[in-house]
1. Angle check, please: helix 18-47 long axis (alpha carbons) against the longest principal axis of the chain (alpha carbons), in degrees 0 to 90, nearest 10.
2. Return one quarter of the surface area of the convex hull spanned by the alpha-carbon atoms of the chain, equal to its mean projected area, in nm².
3. Mean residue ellipticity at 222 nm from the helices of the chain, using -39,500 (n - 2.57) per DSSP H segment of n ≥ 4 over the full residue count, to the nearest 500 deg cm²/dmol?
4. How large is the dipole of the chain about the Cα centre if only Lys and Arg carry +1 and Asp and Glu carry -1, each at its Cβ, rounded to the nearest 20 debye?
5. Using only the alpha-carbon atoms, how far is helix 5-14 inclined from the longest principal axis of the chain? Give it as 0 to 90 degrees, nearest 10.
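Derivation of every value follows stated rules applied to the coordinates shown; laboratory data play no part. Keep in mind that this is a model prediction, so the values were computed, not measured. Neighbour counts run over all protein chains shown; Cβ positions are idealised from the backbone, glycine included.
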Amino acid sequence: MQLTTEENERAAYADGNTALADAFSRIIDLEQERLLLRQCIRDAADLIDDDLEWVDRAAKLLDDDA
């Protein structure tokens, strides 16, 4: 069974491996930032009625790292 990033972070802290826990924490922060950017793209797309090709390109860029 594979642990989630949050579970790995907690396990690393419990094991006293703060460097690894900090790395997992940064991964969590970056994932949250990616989700926020994705939502911003959706919100912007709702406000713009013309050529939305940029929305697809931006979403693809965000998905490529997921």
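1. Approximately 10 degrees, to the nearest ten.
2. 5.4 nm²
3. Taken over the chain, the calculation gives -26500 deg cm²/dmol.
4. The dipole of the chain has a size of about 280 debye.
5. 20 degrees
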